[in-house]
Amino acid sequence: MKPQFRQRLRKLKTRIKSLGVSALLVTNIKNVGYLTGFTGSAGYLFVTAKTETLLSDSRYSSQLQDQCPGLEVDIRDASSTILDSVERVARQSKFKLVAYESESLTKAEFDRLESHLTGTELVATGGLIESLRAVKDQTEIAAIRKSIEVNQRAFEVIRWQLTPDQTELQIAHNLEHQMRAFGAKACAFDPIVGVGARSALPHGSPSEKRVGESSFVLIDWGAEVNQYMSDLTRVLITGKIPTKFRKIYEIVLKAQLAAIKKIRPGISFKNVDAAARKVIDAAGFGSQFGHGLGHGFGLEIHEKPFISPIQDGRLQAGMVVTVEPGIYIPEFGGVRIEDDVLVTPDGHEVLSNLPKQIDECTVDLGG
């Protein structure tokens with residue numbers, strides 16, 4: 001097993017010990033991968049103070065040997081379920097108290113788990129591994145940098161290939177094609193493309209609306225590279241800029257820069273959010289900025305930390321977050337500007353570098 005996985009397991013075991021339980025059953029497959037390097041789609045992980053056992057099935061026997069050398073595994077065949085494996089390992093190890101990830105199990109799944117672990121007390125835990133994942137190590141930061149590089153290269157191709165007759169849906173499909181061409185496994189999420197008034201839909205699905213039907217288009221996209229995500233948003237100007245739109249754009253950019261300037265270890269999530277919200281509120285558009293300022297990302301596109309007016313906590317070095325204020329005016333349009341930012345020991349580093357001054361975002365469609 002690679003050193004980064006051993007280090008993550010050591011940190012987790014310290015937390016497990018403080019819970020006073022026999023073991024932690026990890027059921028969130030993203031957390032299983034984070035702790036072991038396993039990239040399969042089915043598996044649970046038992047972690048004790050001294051051992052770890054990955055439960056999976058025969059489809060992944062060779063993959064586990066390749067990705068997780070030295071890790072103890074329990075491989076089942078088609079005649080049993082993963083809960084049968086959980087029961088067998090728990091009985092063999094004589095676990096009395098088992099912590100489980102309450103946030104990754106439905107009530108039905110928990111009931112089935114409980115029925116297989118009669119005689120074993122289950123202890124709910126939440127966010128135990130997610131809080132570890134919030135602070136990225138150097139291998140994760142390198143993967144995120146690569147994901148952002150792929151993301152930006154794909155966008156640049158889309159920008160220079162833009163034509164008036166392209167639809168939002170075509171842009172979204174082209175983005176995915178370009179990301180894959182540059183090395184992405186997939187999109188981190190379905191791209192958001194909004195022309196004109198449809199840019200006021202923060203998570204709108206692409207439609208058949210064409211670029212040439214308005215003078216601006218919002219694009220929010222992300223790549224998945226080596227299991228790690230990226231997430232960016234830009235607005236492209238494709239015609240004469242309405243005065244109202246330019247005003248809104250400049251307010252959002254000012255808000256984003258104010259928030260980024262605040263980012264450093266120790267500052268509260270609420271204070272970073274407030275830096276952007278203060279700018280937008282002062283301009284009279286506070287009611288049009290209805291979402292939090294940003295979020296962490298990594299193995300998932302939305303993960304801890306979350307930067308908003310209601311989130312407690314403080315930034316730590318190694319966290320990577322989006323900063324994405326927005327103003328959305330129904331039937332007119334919206335602006336969101338999003339960058340990916342690393343919290344460094346002495347401040348921050350903006351990992352993305354696509355142009356975002358409004359005049360730099362102008363595209364000549366020709367004709």
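If only residues of region 239-267 that are over 20 Å from the mean Cα position of the chain (by Cα) and of a type in the set (Gly, Ala, Ser) are counted, the one that is surrounded by the most Cβ atoms within 10 Å (Cβ to Cβ) is Ala255. The criterion of at least 1 residues that are more than 22 Å from Leu9 (Cβ to Cβ) and out of contact with any Asp or Glu (no Cβ under 6 Å at 6 or more places or on another chain) is met, among strands (runs of 3 or more DSSP E) falling completely within region 25-126, by 52-57, 121-125. There is no residue in region 219-238 that is free of Cβ contacts under 8 Å to residues at least 24 places away in the same chain and either in contact with a helix residue (DSSP H, G or I) (Cβ under 6 Å, 6 or more places away or on another chain) or open to solvent by 50 Å² or more (accessible area, probe 1.4 Å) (or both).
Restricting attention to region 36-76, the residues that are open to solvent by less than 20 Å² (accessible area, probe 1.4 Å), among the hydrophobic types (A, V, I, L, M, F, W, C) and within 19 Å of Lys94 (Cβ to Cβ) total 4. What residue, among those in region 270-304 that are under 21 Å from Ala142 (Cβ atoms) and in a strand (DSSP E or B), is most open to solvent (accessible area, probe 1.4 Å)? Filtering region 270-304 for residues that are under 21 Å from Ala142 (Cβ atoms) and in a strand (DSSP E or B), the one most open to solvent (accessible area, probe 1.4 Å) comes out as Lys304.
Only a single item in (1) open to solvent by 50 Å² or more (accessible area, probe 1.4 Å); (2) under 30 Å from Lys107 (Cβ atoms) is not met by Gly33, and it is number (1).
Here is a yes/no grid of residues against (1) β-branched (Val, Ile, Thr); (2) within 14 Å of Ile329 (Cβ to Cβ); (3) part of a strand (DSSP E or B):
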position	(1), (2), (3)
Glu208	no, no, no
Val217	yes, no, yes
Arg234	no, no, yes
Lys244	no, yes, no
Lys247	no, yes, no
Val252	yes, yes, no
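Beta carbons closer than 8 Å, at least 6 apart along the sequence or on distinct chains, pair a first residue in region 155-184 that is under 15 Å from Ser214 (Cβ atoms) and open to solvent by less than 60 Å² (accessible area, probe 1.4 Å) with a second that is among the basic types (Lys, Arg) and part of a helix (DSSP H, G or I) for Glu168/Arg198.
Listed here are the residues, each with its yes/no results for (1) surrounded by fewer than 23 Cβ atoms within 10 Å (Cβ to Cβ); (2) at positive phi.
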| residue | (1), (2) |
| --- | --- |
| Gly318 | yes, yes |
| Gly333 | no, yes |
| Gly347 | yes, yes |
| Ser352 | yes, no |
| Pro355 | yes, no |
| Ile358 | yes, no |
| Cys361 | yes, no |
| Gly366 | yes, yes |
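Restricting attention to region 239-271, report how many residues are of a type in the set (S, T, N, Q) and without any contact (Cβ under 8 Å) to a residue 24 or more places away in the chain. The total comes to 2. Within region 219-232, can you find the residues that are touching a Phe, Trp or Tyr at 6+ places or on another chain (Cβ under 6 Å) and assigned to a strand (DSSP E or B)? Once the filter is applied, which keeps residues that are touching a Phe, Trp or Tyr at 6+ places or on another chain (Cβ under 6 Å) and assigned to a strand (DSSP E or B), region 219-232 yields only Met229.
Could we say that Glu103 is of a type in the set (Asp, Glu), more than 16 Å from Tyr34 (Cα to Cα), under 25 Å from the mean Cα position of the chain (by Cα) and open to solvent by 70 Å² or more (accessible area, probe 1.4 Å) here? Don't jump to the end; show me each part of the working.
Values: of a type in the set (Asp, Glu): yes; more than 16 Å from Tyr34 (Cα to Cα): yes; under 25 Å from the mean Cα position of the chain (by Cα): yes; open to solvent by 70 Å² or more (accessible area, probe 1.4 Å): yes.
The answer is yes for Glu103.
The values are calculated or read from the model by the stated rules, or taken from the named source; none is laboratory data. Every value quoted in this text rests on a predicted model; they were computed, and no experiment measured them. Because the Cβ atoms are built from the backbone with ideal geometry, glycine has one as well, and the counts that use them run over all protein chains shown. Only protein heavy atoms, including side chains, enter the accessible area calculation; ligands, DNA and RNA are left aside. Shrake-Rupley method; radii C 1.70, N 1.55, O 1.52, S 1.80 Å.
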